[in-house]
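To keep things clear, I will list the structure first and then write my remarks on it.
The values are calculated or read from the model by the stated rules, or taken from the named source; none is laboratory data. Please read all numbers here as calculations on a predicted model, not as lab measurements. For neighbour counting, all protein chains shown are included, and Cβ atoms are generated from backbone atoms with ideal geometry for every residue, glycine included.
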Amino acid sequence: MKLLEALISYRKVPENLIENDIVLFENAIQESIEAVKLLTLRDVNVSSEGLIFKGFTIFKESFRDFSYPSYVKSVKFNLTFLVKNYFHKKKKIFKEDYYVWITDEISYTYFHWLADALPRLFATLQVIEKPKIILPYSFKKNKFIEESLKVFPVLELMFIKNNEVYNFNKLLLPTHVAKSGNYNDCIMKEIRQKYRSYYLEKQTLFLGEKIYISRAKATRRKILNEQELTDLLKEYGFTPVVFEDFSFDEQVSIVFNAKYLVSNHGAGLTNMLFMEAGTSVFELRREGDKHNNCYFSLASALDIKYYYQNCKTETDNTDSILQLDSEPTMEEWESFTFANIIIDLKKIKENLNHMLNLS
């Protein structure tokens, strides 16, 4: 069953685009978004780790982009997985009903839950009024997942316990609405509207219209001169927040009335999902990064003005070929994308003045 038609999305360029930087964004300016289908899987098992399997086969539909990660291809992994789930876990059998699977191996993280899994749920709700959502038991650790689903009172949540395997006579699985980091604009705007309507009378915090998201508690992608940056942003009226200190409800409340959101690349920027159209987001990016355009694309999908600044790293020795022309190895990718950055304070003043219409 087709849920959504295929389309082509077109992204608006950054508000403060430097002409030579177009190469950083050009791979995201136009994206082909495949049609979304609702698949029906018959007589399949689902493990507490979130893997769908039948007989001796783990389904590729368990994974992002419906392709197998390298570790799943190993004989040792498959044997260990199958023995554990066939012989050491209790099987529970579920007859036909509207059981729905919307996750993959990275859906437990904040960005991928809100930007990848929720759109699959929204697509499903177009044809199934009261689905039963099946989730790995480990998802209970991340409180934001259950908290984010409060806006859907018709949902029934079922968590697969660590010592159990669920067998479904029929499991419904919506395909990904878009590749991770890309979006179906209409679906993302529907998600925003749903949450803004729900939280309109339920906001618990107001910290001002100018918010700076600090990654002070993160283990990577930190700002090395953050104190200087924070002091400067306070002069412009920004309130620093560390989202790890706030519940999901509080995070939504903080950005609900925000007009300006500033942060370096990281999951906190996903919260622009709850901001109004016409507001502004300012992303501090690693210099030369053409790969991480998920927030640039999300801002465009939501009709939010996008500003950016390229920032040097602590080593500043990244191979220009990696930056611009190649597909990196996993080791190169992690070194590149998780690097700490240094903010040019003079340049950020210019960009802030531009964004705030002070110059």
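Assorted remarks:
- Any hit, the range 32-46, residues being surrounded by 14 or more Cβ atoms within 10 Å (Cβ to Cβ), within 17 Å of Asn292 (Cα to Cα) and not polar (S, T, N, Q): no
- Counting the residues of the range 7-33 that are touching a Lys or Arg at 6+ places or on another chain (Cβ under 9 Å) and within 19 Å of Leu352 (Cα to Cα) gives 2.
- When Ile58, Ile102 are checked against the criterion of being under 15 Å from Phe168 (Cβ atoms) and out of contact with any strand residue (DSSP E or B) (no Cβ under 6 Å at 6 or more places or on another chain), Ile102 stands alone in meeting it.
- Which listed residue is of a type in the set (A, V, I, L, M, F, W, C), touching a strand residue (DSSP E or B) at 6+ places or on another chain (Cβ under 7 Å), at pLDDT 95 or above and not in a strand (DSSP E or B), from Ala277, Ala339, Ala299: Ala299
- Residue match in the range 183-200 (condition: exposed (fewer than 15 other Cβ atoms within 10 Å of the Cβ), polar (S, T, N, Q), more than 17 Å from the chain's Cα centre (by Cα) and closer than 29 Å to Phe256 by Cα): yes
- Residue in the range 172-182 that is within 28 Å of Ser263 (Cα to Cα), part of a strand (DSSP E or B) and either among the hydroxyl-bearing types (Ser, Thr, Tyr) or free of Cβ contacts under 8 Å to residues at least 60 places away in the same chain (or both) present: no
- Residue within the range 227-240 that is outside the structural domain of Lys84 (by TED's automatic domain parsing) and part of a strand (DSSP E or B) present: yes
- Hits in the range 40-51 (condition: closer than 26 Å to Lys140 by Cβ and in a strand (DSSP E or B)): Leu41, Val44, Asn45, Val46, Ser47
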